[in-house]
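Notes follow once the structure below has been shown.
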Amino acid sequence: MNDTATAANEIMERAIMASGIFEMLDQKKTDRIVEKVFNAGFNSAIKLCIDLNYLGGLGHTVSIYANNNARIRQFSMLMNAGRIVVNTPSAQGAVGGIYNCLNTSFTLGCGTWGKNITTENVTTRHLLNIKRICRRRTNEKWLNFVKEKYLDEGESADDIIRSYHRNY
C-alpha cells in the first residue's frame, strides 16, 4: 500500500472511531475496515455490526463466519435481521438457492424492522393474487380441543399446537 492510501486509511479509521457509527461512510464501502474490526475482538465486532444494521439494514441480512455455535447464536440473537447467513457470502447467501435452502429470490423482505410485511425471500408465490372460496363449515379440531390447555401455565405453545393438530 502506498503512503497516500495508508494516510487515507488512518484518517478514515480516526473518523470512524470519533463518530461511533459510520455516518461519514457510504454504507456499501465499509469493507476496508473489516480487518480492523477483527483485530478489535468479537464483542467489538458485534457492536459494529449492530451499528451498521441500524444505519440502514434493519431486517435485511447479516453474515458471520464462525465455527463456534455459541458465538453464532449470540450474534443471531443480537442482530435485527431476517436472514443470518453463516459461513456464506452474504449477497449470494441472502438470495437463496446457491449456498443454502432459502427460497431463491431477488426481493428480500425485511420484516417489521425494515417496515415490510415479511422477512421471507419474496417469490412469485407472494406476488400472485390467489382467491379462496371458503364455505361455512364446523371446525372439528376446534370443537374437540380441550380449551383449558390455553390457561394451563404448564403447557408450552408447542404442546398446545401438537394437541390441536393431533389425529383422533
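Provide the packing ranking of 145-153, 58-66, 43-51, 126-134, i.e. peptides ordered by the mean count of other C-beta atoms within 10 Å per residue, highest first.
Per-residue Cβ counts within 10 Å, averaged per peptide and sorted highest first, yield 58-66, 43-51, 145-153, 126-134.
Let's test this: bin the Cα-Cα distances of the range 68-168 at 10 Å from zero up to the farthest pair and state each bin's percent.
Taking every Cα pair in the range 68-168, the percentages come to 12, 24, 24, 30, 10, 0.
State whether the range 54-116 is rounded, prolate or oblate according to the following rule on the C-alpha gyration tensor (a ≥ b ≥ c being the square roots of its eigenvalues): a/c under 1.5 gives rounded; otherwise a/b larger than b/c gives prolate, and the remaining case gives oblate.
Since a/c reaches 1.5 but b/c is at least a/b, the shape of the range 54-116 is classed as oblate.
Could you run the Karplus curve 6.51 cos²θ - 1.76 cosθ + 1.60 with θ = phi - 60° over the range 94-101 and give me ³J(HN,Hα) per residue in whole Hz, x for Gly and Pro?
5, 6, x, x, 9, 9, 7, 9
Please say if the range 107-165 is rounded, prolate or oblate, where rounded means a/c under 1.5 for a ≥ b ≥ c the square roots of the C-alpha gyration tensor eigenvalues, and otherwise the choice is prolate for a/b larger than b/c and oblate otherwise?
It comes out oblate by the Cα gyration axes.
Measure off 7 Å from each Cα along the Cα-to-Cβ vector at residue 158 and residue 124, then give the distance between these two points in nanometres to one decimal.
Going by the 7 Å Cα→Cβ label model, 3.6 nm.
Coordinate-derived values only; no laboratory data. Note that the structure is predicted; figures quoted are calculated from it, not measured. Methodologically, a virtual Cβ is constructed for each residue, glycine included, from the backbone with ideal geometry; neighbour enumeration extends over all protein chains shown.
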